[in-house]
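Shown next, in C-alpha coordinates, is the structure this report addresses.
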Amino acid sequence: MRVRRVDTFHLRAPLQQPFSFSQFSYSLREAMLVRVSTEDGLAGWGEAYGPAAVTATIVREFLGPLVKGRDPRAIESLWESLFARSIDYGQKGVMLAAISALDIACWDLKAQDAGTPLYRLLGADALESIECYWTGFYFGGQEALETRWEREARECLDSGFRAVKMKVGQGVARDAELVAALRSFVGRKVKLSIDANHAYTPTEAIDLARRVEGYGIHWFEEPVSPLDPQAYLEVKARTNIPLAGGECEYTRFGFDNWFRSRAIDYAQPDICACGGITEGMKIAALASLAGIHVTPHAWGSAVGQAAALHFYAARPRQPFTLTPETKLIECDRTENPFRTAIVQSPIELSRGRWHLPSAPGLGIEVKPDEFGPYLVDRGN
Ligand SMILES: [Mg+2]
(Lines give C-alpha, C1' and ligand atoms only; values in the text may rest on other atoms or scores of the structure.)
Protein backbone atom coordinates (compact mmCIF):
# COMPACT_ATOMS: atom_id res chain seq x y z
CA MET A 1 0.00 0.00 0.00
CA ARG A 2 1.41 3.38 -1.06
CA VAL A 3 0.15 6.95 -0.71
CA ARG A 4 -0.87 8.32 -4.10
CA ARG A 5 -1.99 11.80 -3.09
CA VAL A 6 -2.69 14.07 -0.14
CA ASP A 7 -5.54 16.62 -0.31
CA THR A 8 -6.45 19.37 2.13
CA PHE A 9 -9.93 20.83 2.59
CA HIS A 10 -10.43 24.14 4.39
CA LEU A 11 -14.07 24.41 5.47
CA ARG A 12 -15.89 27.38 6.97
CA ALA A 13 -19.43 27.96 8.24
CA PRO A 14 -20.81 31.21 9.68
CA LEU A 15 -22.61 30.75 12.98
CA GLN A 16 -26.23 31.67 13.49
CA GLN A 17 -25.44 32.64 17.07
CA PRO A 18 -21.90 33.85 17.76
CA PHE A 19 -20.53 32.93 21.18
CA SER A 20 -17.48 33.71 23.26
CA PHE A 21 -15.25 32.46 26.04
CA SER A 22 -12.51 34.10 28.09
CA GLN A 23 -10.12 34.55 25.16
CA PHE A 24 -12.14 35.52 22.06
CA SER A 25 -15.47 35.31 20.22
CA TYR A 26 -16.53 32.87 17.54
CA SER A 27 -18.65 34.05 14.64
CA LEU A 28 -17.76 31.09 12.41
CA ARG A 29 -16.50 27.53 12.65
CA GLU A 30 -13.66 26.23 10.54
CA ALA A 31 -12.19 22.81 9.91
CA MET A 32 -9.08 21.63 8.10
CA LEU A 33 -9.51 18.09 6.88
CA VAL A 34 -6.86 15.98 5.21
CA ARG A 35 -7.51 13.09 2.84
CA VAL A 36 -4.72 10.61 2.25
CA SER A 37 -5.47 8.45 -0.81
CA THR A 38 -3.66 5.23 -1.67
CA GLU A 39 -2.79 3.65 -5.00
CA ASP A 40 -5.25 0.84 -4.30
CA GLY A 41 -8.20 3.19 -3.87
CA LEU A 42 -8.55 3.67 -0.11
CA ALA A 43 -8.98 7.11 1.47
CA GLY A 44 -8.11 7.96 5.07
CA TRP A 45 -9.25 11.16 6.78
CA GLY A 46 -7.63 13.35 9.40
CA GLU A 47 -8.16 16.78 10.94
CA ALA A 48 -5.90 19.53 12.28
CA TYR A 49 -6.88 21.74 15.21
CA GLY A 50 -6.17 25.46 14.97
CA PRO A 51 -6.06 28.04 12.15
CA ALA A 52 -7.24 26.08 9.11
CA ALA A 53 -5.54 28.17 6.41
CA VAL A 54 -2.21 27.77 8.20
CA THR A 55 -2.38 24.03 8.83
CA ALA A 56 -3.65 23.45 5.26
CA THR A 57 -0.61 25.27 3.90
CA ILE A 58 1.76 23.23 6.06
CA VAL A 59 0.26 19.97 4.83
CA ARG A 60 0.00 21.06 1.21
CA GLU A 61 3.40 22.70 0.85
CA PHE A 62 5.63 20.94 3.34
CA LEU A 63 4.50 17.69 4.99
CA GLY A 64 2.16 16.22 2.37
CA PRO A 65 4.90 15.72 -0.25
CA LEU A 66 6.93 13.80 2.37
CA VAL A 67 4.08 11.32 2.78
CA LYS A 68 3.54 10.58 -0.93
CA GLY A 69 4.88 7.20 -1.97
CA ARG A 70 5.14 5.95 1.63
CA ASP A 71 3.26 3.01 3.16
CA PRO A 72 0.63 4.74 5.39
CA ARG A 73 0.49 1.69 7.65
CA ALA A 74 4.12 2.21 8.74
CA ILE A 75 2.91 4.98 11.01
CA GLU A 76 5.64 5.00 13.62
CA SER A 77 8.44 5.55 11.11
CA LEU A 78 6.30 7.96 9.09
CA TRP A 79 5.57 10.03 12.21
CA GLU A 80 9.20 10.16 13.24
CA SER A 81 10.29 11.26 9.78
CA LEU A 82 7.73 14.11 9.72
CA PHE A 83 8.72 15.24 13.21
CA ALA A 84 12.43 15.02 12.43
CA ARG A 85 11.93 17.04 9.25
CA SER A 86 10.05 19.82 11.07
CA ILE A 87 11.60 19.93 14.55
CA ASP A 88 13.94 22.78 13.63
CA TYR A 89 10.93 25.03 12.95
CA GLY A 90 7.98 23.84 14.97
CA GLN A 91 8.15 21.60 18.02
CA LYS A 92 4.65 22.72 19.07
CA GLY A 93 1.55 24.41 17.66
CA VAL A 94 0.35 24.35 14.07
CA MET A 95 3.19 22.16 12.81
CA LEU A 96 2.15 19.42 15.22
CA ALA A 97 -1.52 19.92 14.32
CA ALA A 98 -0.61 19.30 10.66
CA ILE A 99 1.32 16.15 11.61
CA SER A 100 -1.69 15.09 13.70
CA ALA A 101 -4.03 15.34 10.70
CA LEU A 102 -1.77 13.13 8.59
CA ASP A 103 -1.28 10.68 11.46
CA ILE A 104 -5.05 10.28 12.02
CA ALA A 105 -5.59 9.71 8.28
CA CYS A 106 -2.92 7.00 8.29
CA TRP A 107 -4.54 5.26 11.28
CA ASP A 108 -7.89 5.43 9.47
CA LEU A 109 -6.25 3.73 6.46
CA LYS A 110 -4.49 1.13 8.59
CA ALA A 111 -7.73 0.14 10.32
CA GLN A 112 -9.63 0.07 7.02
CA ASP A 113 -6.92 -2.17 5.57
CA ALA A 114 -7.24 -4.45 8.61
CA GLY A 115 -11.04 -4.46 8.23
CA THR A 116 -11.58 -3.38 11.82
CA PRO A 117 -12.83 -0.32 13.71
CA LEU A 118 -9.86 1.82 14.72
CA TYR A 119 -10.43 1.47 18.45
CA ARG A 120 -10.14 -2.30 18.12
CA LEU A 121 -6.89 -1.97 16.16
CA LEU A 122 -5.60 0.28 18.95
CA GLY A 123 -6.11 -2.55 21.39
CA ALA A 124 -9.51 -1.94 22.97
CA ASP A 125 -11.87 -4.70 23.92
CA ALA A 126 -15.27 -4.63 22.23
CA LEU A 127 -17.20 -1.67 23.63
CA GLU A 128 -20.65 -0.33 22.99
CA SER A 129 -20.52 3.21 24.26
CA ILE A 130 -18.66 5.75 26.37
CA GLU A 131 -20.22 8.41 28.57
CA CYS A 132 -19.51 11.95 27.53
CA TYR A 133 -19.78 15.36 29.10
CA TRP A 134 -21.60 18.29 27.57
CA THR A 135 -19.25 21.13 26.62
CA GLY A 136 -21.30 24.28 26.40
CA PHE A 137 -22.46 27.14 28.62
CA TYR A 138 -20.49 29.76 26.73
CA PHE A 139 -20.79 33.55 26.99
CA GLY A 140 -22.21 36.10 24.57
CA GLY A 141 -25.61 37.03 23.17
CA GLN A 142 -28.11 39.67 24.28
CA GLU A 143 -29.99 37.50 26.73
CA ALA A 144 -29.01 37.22 30.41
CA LEU A 145 -26.67 34.25 30.69
CA GLU A 146 -28.72 32.72 33.50
CA THR A 147 -31.78 32.65 31.24
CA ARG A 148 -29.97 31.05 28.34
CA TRP A 149 -28.04 28.62 30.51
CA GLU A 150 -31.20 27.46 32.27
CA ARG A 151 -32.65 26.57 28.88
CA GLU A 152 -29.39 24.88 27.84
CA ALA A 153 -29.29 22.92 31.12
CA ARG A 154 -32.79 21.61 30.46
CA GLU A 155 -31.83 20.51 26.94
CA CYS A 156 -28.71 18.86 28.32
CA LEU A 157 -30.55 16.89 31.02
CA ASP A 158 -33.42 16.00 28.69
CA SER A 159 -30.97 14.48 26.23
CA GLY A 160 -29.52 12.26 28.91
CA PHE A 161 -26.25 13.95 29.86
CA ARG A 162 -25.13 13.63 33.45
CA ALA A 163 -21.86 15.57 33.17
CA VAL A 164 -21.35 19.15 31.97
CA LYS A 165 -18.60 21.72 31.55
CA MET A 166 -19.15 25.47 31.72
CA LYS A 167 -16.94 28.40 30.89
CA VAL A 168 -15.55 30.72 33.54
CA GLY A 169 -13.18 33.67 33.16
CA GLN A 170 -15.47 36.69 33.40
CA GLY A 171 -14.10 37.79 36.74
CA VAL A 172 -14.11 35.72 39.91
CA ALA A 173 -17.26 37.20 41.44
CA ARG A 174 -19.35 36.79 38.27
CA ASP A 175 -17.98 33.28 37.71
CA ALA A 176 -19.00 32.26 41.23
CA GLU A 177 -22.54 33.54 40.61
CA LEU A 178 -22.79 31.54 37.39
CA VAL A 179 -21.43 28.35 38.97
CA ALA A 180 -24.10 28.65 41.67
CA ALA A 181 -26.75 29.24 39.01
CA LEU A 182 -25.75 26.31 36.84
CA ARG A 183 -25.50 23.98 39.83
CA SER A 184 -29.07 24.90 40.72
CA PHE A 185 -30.19 24.25 37.12
CA VAL A 186 -28.57 20.80 36.80
CA GLY A 187 -28.96 19.55 40.38
CA ARG A 188 -26.41 17.98 42.73
CA LYS A 189 -25.94 14.64 40.96
CA VAL A 190 -24.58 15.97 37.66
CA LYS A 191 -20.80 16.23 37.33
CA LEU A 192 -19.97 19.91 36.84
CA SER A 193 -16.56 21.08 35.58
CA ILE A 194 -15.38 24.65 35.00
CA ASP A 195 -12.98 25.88 32.28
CA ALA A 196 -11.17 29.24 32.49
CA ASN A 197 -9.12 28.84 29.30
CA HIS A 198 -6.11 30.22 31.24
CA ALA A 199 -7.80 33.54 32.06
CA TYR A 200 -6.44 33.86 35.61
CA THR A 201 -3.40 34.46 37.73
CA PRO A 202 -2.78 31.86 40.45
CA THR A 203 -4.20 34.25 43.07
CA GLU A 204 -7.41 34.78 41.10
CA ALA A 205 -7.75 31.07 40.30
CA ILE A 206 -7.32 30.16 43.98
CA ASP A 207 -9.94 32.76 44.91
CA LEU A 208 -12.41 31.29 42.42
CA ALA A 209 -11.65 27.71 43.43
CA ARG A 210 -12.35 28.51 47.07
CA ARG A 211 -15.60 30.32 46.26
CA VAL A 212 -16.96 27.35 44.28
CA GLU A 213 -15.54 24.34 46.17
CA GLY A 214 -18.87 23.87 47.93
CA TYR A 215 -20.61 23.25 44.59
CA GLY A 216 -18.85 19.91 44.01
CA ILE A 217 -16.66 20.82 41.04
CA HIS A 218 -15.48 17.78 39.09
CA TRP A 219 -12.42 19.56 37.67
CA PHE A 220 -11.07 23.10 37.14
CA GLU A 221 -9.72 23.24 33.60
CA GLU A 222 -6.92 25.58 32.50
CA PRO A 223 -7.15 27.84 35.55
CA VAL A 224 -3.83 29.56 34.72
CA SER A 225 -1.20 29.88 32.00
CA PRO A 226 -0.58 26.76 29.87
CA LEU A 227 3.09 27.76 29.84
CA ASP A 228 3.53 27.53 33.60
CA PRO A 229 3.21 24.19 35.47
CA GLN A 230 4.44 25.98 38.60
CA ALA A 231 1.34 28.21 38.52
CA TYR A 232 -0.84 25.07 38.41
CA LEU A 233 1.05 23.71 41.41
CA GLU A 234 0.34 26.92 43.32
CA VAL A 235 -3.39 26.53 42.63
CA LYS A 236 -3.33 22.82 43.36
CA ALA A 237 -1.75 23.39 46.77
CA ARG A 238 -4.61 25.68 47.82
CA THR A 239 -7.71 23.83 46.60
CA ASN A 240 -9.09 20.32 46.66
CA ILE A 241 -10.71 20.69 43.22
CA PRO A 242 -8.79 18.48 40.71
CA LEU A 243 -7.05 20.43 37.94
CA ALA A 244 -7.25 19.65 34.22
CA GLY A 245 -5.15 20.94 31.34
CA GLY A 246 -3.22 20.06 28.23
CA GLU A 247 -5.23 21.25 25.22
CA CYS A 248 -2.42 23.78 24.57
CA GLU A 249 0.37 21.23 25.01
CA TYR A 250 2.02 19.07 22.36
CA THR A 251 3.94 15.78 22.11
CA ARG A 252 5.35 13.52 24.82
CA PHE A 253 8.18 16.01 25.25
CA GLY A 254 5.77 18.79 26.14
CA PHE A 255 3.63 16.69 28.49
CA ASP A 256 6.57 15.11 30.29
CA ASN A 257 7.14 18.11 32.56
CA TRP A 258 3.46 18.28 33.50
CA PHE A 259 3.46 14.63 34.53
CA ARG A 260 6.76 14.71 36.40
CA SER A 261 5.64 17.73 38.41
CA ARG A 262 2.11 16.31 38.97
CA ALA A 263 0.78 19.75 38.02
CA ILE A 264 -2.50 18.34 36.64
CA ASP A 265 -4.93 15.61 37.68
CA TYR A 266 -6.52 15.21 34.22
CA ALA A 267 -4.40 15.50 31.06
CA GLN A 268 -6.30 16.70 27.99
CA PRO A 269 -4.22 16.24 24.84
CA ASP A 270 -6.10 17.14 21.66
CA ILE A 271 -5.59 14.29 19.19
CA CYS A 272 -5.88 16.77 16.29
CA ALA A 273 -3.06 18.89 17.76
CA CYS A 274 -0.76 16.99 20.12
CA GLY A 275 0.76 14.83 17.38
CA GLY A 276 -2.16 12.57 16.52
CA ILE A 277 -3.03 9.11 17.77
CA THR A 278 0.56 7.90 17.62
CA GLU A 279 1.77 10.63 19.95
CA GLY A 280 -1.39 10.56 22.05
CA MET A 281 -0.62 6.95 22.99
CA LYS A 282 2.88 7.94 24.11
CA ILE A 283 1.49 10.84 26.13
CA ALA A 284 -0.96 8.43 27.76
CA ALA A 285 1.86 5.99 28.55
CA LEU A 286 3.78 8.78 30.28
CA ALA A 287 0.64 9.79 32.17
CA SER A 288 0.24 6.23 33.42
CA LEU A 289 3.66 6.46 35.11
CA ALA A 290 2.33 9.32 37.19
CA GLY A 291 -1.16 7.84 37.71
CA ILE A 292 -2.76 10.75 35.86
CA HIS A 293 -6.04 10.41 33.98
CA VAL A 294 -6.05 11.17 30.23
CA THR A 295 -9.25 12.43 28.65
CA PRO A 296 -8.82 14.06 25.25
CA HIS A 297 -9.82 17.60 24.43
CA ALA A 298 -12.11 17.39 21.37
CA TRP A 299 -13.54 20.41 19.60
CA GLY A 300 -13.55 19.62 15.93
CA SER A 301 -15.59 18.11 13.12
CA ALA A 302 -16.87 14.54 12.97
CA VAL A 303 -13.37 13.46 11.94
CA GLY A 304 -11.60 14.90 14.98
CA GLN A 305 -14.38 13.75 17.26
CA ALA A 306 -14.12 10.19 15.93
CA ALA A 307 -10.33 10.20 16.30
CA ALA A 308 -10.62 11.28 19.95
CA LEU A 309 -13.28 8.66 20.65
CA HIS A 310 -11.32 5.75 19.12
CA PHE A 311 -8.19 6.85 20.97
CA TYR A 312 -9.99 7.18 24.27
CA ALA A 313 -11.83 3.88 23.93
CA ALA A 314 -8.46 2.13 23.81
CA ARG A 315 -7.03 3.82 26.90
CA PRO A 316 -7.28 1.84 30.11
CA ARG A 317 -8.06 3.93 33.12
CA GLN A 318 -5.01 4.68 35.25
CA PRO A 319 -4.39 3.52 37.91
CA PHE A 320 -6.25 0.21 37.68
CA THR A 321 -9.12 -0.42 40.07
CA LEU A 322 -12.10 -2.73 40.11
CA THR A 323 -14.34 0.25 40.81
CA PRO A 324 -13.09 2.94 38.44
CA GLU A 325 -14.47 6.40 38.07
CA THR A 326 -16.59 6.52 34.90
CA LYS A 327 -14.57 7.33 31.79
CA LEU A 328 -15.79 10.67 30.46
CA ILE A 329 -15.01 12.14 27.05
CA GLU A 330 -15.68 15.64 25.78
CA CYS A 331 -18.76 16.27 23.65
CA ASP A 332 -18.84 19.77 22.18
CA ARG A 333 -22.45 20.95 21.93
CA THR A 334 -21.80 24.38 20.44
CA GLU A 335 -23.03 25.12 16.93
CA ASN A 336 -20.93 23.25 14.34
CA PRO A 337 -22.36 21.82 11.09
CA PHE A 338 -19.19 19.80 10.51
CA ARG A 339 -20.15 17.27 13.14
CA THR A 340 -22.96 15.92 10.97
CA ALA A 341 -23.33 17.58 7.53
CA ILE A 342 -20.16 16.19 5.97
CA VAL A 343 -20.35 12.53 6.96
CA GLN A 344 -22.59 9.67 5.92
CA SER A 345 -22.75 8.12 9.36
CA PRO A 346 -22.00 10.48 12.26
CA ILE A 347 -21.07 8.70 15.44
CA GLU A 348 -24.30 8.02 17.26
CA LEU A 349 -24.89 10.13 20.34
CA SER A 350 -27.75 9.10 22.58
CA ARG A 351 -28.55 9.42 26.28
CA GLY A 352 -25.28 11.26 26.83
CA ARG A 353 -23.13 8.50 25.37
CA TRP A 354 -21.09 8.07 22.20
CA HIS A 355 -21.80 4.72 20.57
CA LEU A 356 -18.67 3.29 19.00
CA PRO A 357 -18.97 2.65 15.26
CA SER A 358 -18.58 -0.88 13.95
CA ALA A 359 -17.41 0.03 10.41
CA PRO A 360 -13.68 -0.28 9.64
CA GLY A 361 -11.41 2.72 10.25
CA LEU A 362 -12.85 5.85 11.83
CA GLY A 363 -16.24 4.46 10.81
CA ILE A 364 -17.91 7.72 9.79
CA GLU A 365 -17.65 7.80 5.96
CA VAL A 366 -16.71 11.37 5.08
CA LYS A 367 -18.65 12.84 2.11
CA PRO A 368 -16.45 15.35 0.24
CA ASP A 369 -19.36 15.92 -2.17
CA GLU A 370 -21.08 17.73 0.72
CA PHE A 371 -18.18 20.13 1.29
CA GLY A 372 -19.37 22.53 -1.44
CA PRO A 373 -21.20 25.19 0.58
CA TYR A 374 -18.42 25.28 3.17
CA LEU A 375 -15.30 24.97 1.01
CA VAL A 376 -12.91 27.92 1.32
CA ASP A 377 -9.99 26.24 -0.35
CA ARG A 378 -9.22 22.84 -1.71
CA GLY A 379 -5.53 22.21 -1.99
CA ASN A 380 -3.68 19.22 -3.33
MG1 LIG B 1 -10.81 23.79 27.60
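Restrict the check to region 148-161 and report whether at least one residue is aliphatic (A, V, I, L, M) and either assigned to a loop (DSSP other than H, G, I, E, B) or within 16 Å of the ligand (Cβ to nearest atom) (or both). Checking region 148-161: not a single residue is aliphatic (A, V, I, L, M) and either assigned to a loop (DSSP other than H, G, I, E, B) or within 16 Å of the ligand (Cβ to nearest atom) (or both). Taking the conditions exactly as written (touching a residue at least 12 places away in the same chain (Cβ under 8 Å) and crowded, with 24+ Cβ neighbours inside 10 Å), does residue 254 satisfy them or not? Judged against the criteria, residue 254 is not a match. Against the conditions (1) within 15 Å of the ligand (Cβ to nearest atom); (2) more than 18 Å from residue 282 (Cα to Cα), residue 263 satisfies every one except (1).
If you check 304, 275 for being touching a Cys at 6+ places or on another chain (Cβ under 8 Å) and either modelled with pLDDT of 95 or more or hydrophobic (A, V, I, L, M, F, W, C) (or both), only one passes: 304. Scanning region 182-201 for residues that are more than 18 Å from residue 163 (Cβ to Cβ) and out of contact with any Pro (no Cβ under 8 Å at 6 or more places or on another chain), we see that the one that is surrounded by the fewest Cβ atoms within 10 Å (Cβ to Cβ) is 201. Count of region 183-194 residues, restricted to those that are touching a strand residue (DSSP E or B) at 6+ places or on another chain (Cβ under 8 Å) and either touching a residue at least 60 places away in the same chain (Cβ under 8 Å) or more than 16 Å from the ligand (Cβ to nearest atom) (or both), is 5.
Confirm whether residue 212 is more than 30 Å from residue 90 (Cα to Cα), of a type in the set (Val, Ile, Thr), in contact with a strand residue (DSSP E or B) (Cβ under 9 Å, 6 or more places away or on another chain) and buried (at least 21 other Cβ atoms within 10 Å of the Cβ). It is true that residue 212 is more than 30 Å from residue 90 (Cα to Cα), of a type in the set (Val, Ile, Thr), in contact with a strand residue (DSSP E or B) (Cβ under 9 Å, 6 or more places away or on another chain) and buried (at least 21 other Cβ atoms within 10 Å of the Cβ).
Here region 283-304 is the region considered, the condition is being within 16 Å of the ligand (Cβ to nearest atom) and over 17 Å from residue 267 (Cα atoms), and the residue that is surrounded by the most Cβ atoms within 10 Å (Cβ to Cβ) is 304.
Going residue by residue through region 216-225, is there one that turns out to be surrounded by 17 or more Cβ atoms within 10 Å (Cβ to Cβ), modelled with pLDDT of 95 or more and more than 16 Å from the ligand (Cβ to nearest atom)? Looking through region 216-225, none of the residues is surrounded by 17 or more Cβ atoms within 10 Å (Cβ to Cβ), modelled with pLDDT of 95 or more and more than 16 Å from the ligand (Cβ to nearest atom).
The values are calculated or read from the model by the stated rules, or taken from the named source; none is laboratory data. A quick note: this is a predicted structure, and the numbers were derived from the prediction, not measured. Quick reminder, even Gly has a Cβ in these numbers, built from the backbone with ideal geometry, and neighbours come from all protein chains shown.
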